[in-house]
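Accompanying notes for the structure given below.
No value in this document is a laboratory result; all are computed from the given coordinates. Source: prediction; values computed, not measured. Don't worry about glycine lacking a Cβ; one is built from the backbone with ideal geometry, like all the others, and counts go over all protein chains shown.
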Amino acid sequence: MLEARTLGAGASGRNAGFILQGTHTDYRSDMDRYGEQAARRLWNFTRENRDLLATELRGTAFDWRSDGSLTAAGTGDEAERLRAGLSHLRTAGAPVVYLDPDETNARLGASGFHGGLFVTTGAVVNPLQLVRHLAAQSEADIHTQ
């Protein structure tokens, strides 16, 4: 980890703490860009990282919550892309459920979404507490300004 100033003062400690699987795009887009095998490897890599964090943080006070994650589709095209990747995600062993617009909007207390992809293993953690814990456990020399 590299920070410009003190440990956790930048993005590593000030992010939302999402522990998600996959990349910043939908699975179908990853398949189109990188190929199906690479998309699956990326998904599995992020899933393994999530599982390692879950094991490391078990029994700690980092506000770890594994309630799942929801990618909401803001347009019909986005909903179609989420649906297009669904069978491939399931084949890859991903614990995913497609939610129709009513279910998506109800979960979010919103209106106007066109559907969503719910991943049961998505989690969230307090990022600053996590950074401090990892630094303490690493036995690395910490240099700050």
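Round to the nearest 0.05 the FRET efficiency obtained for Gln37 and Thr120 when R0 = 35 Å and r is the Cβ-Cβ distance. Walk me through the intermediate numbers first.
Numbers: r = 24 Å, r/R0 = 0.68.
Using R0 = 35 Å, I get an efficiency of 0.90.
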Measure nothing fancy, just the Cα-based angle from helix 36-57's long axis to the longest principal axis of the chain, in degrees from 0 to 90, nearest 10. 50 degrees
C-alpha center-to-center spacing [region 107-126, region 72-104] in angstrom: 11 Å
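Report the local net charge at Ala84: Lys and Arg +1, Asp and Glu -1, summed over other residues whose C-beta lies under 13 Å from its C-beta.
Values: positive: Arg28, Arg81, Arg83, Arg90; negative: Asp26, Asp30, Asp32, Glu36, Asp77, Glu78, Glu80.
Its environment carries a net charge of -3.
Could you give the Stokes-Einstein D for the chain in µm² per second, using the C-alpha Kirkwood radius, 4 °C, 1.567 mPa s? Before the final figure, lay out the partial values.
Details: Rh = 16.8 Å.
So the translational diffusion coefficient is about 77 µm²/s.
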If Lys and Arg each add +1 and Asp and Glu each add -1, what is the summed charge of the other residues whose beta carbon sits under 14 Å from the beta carbon of Thr55? 0
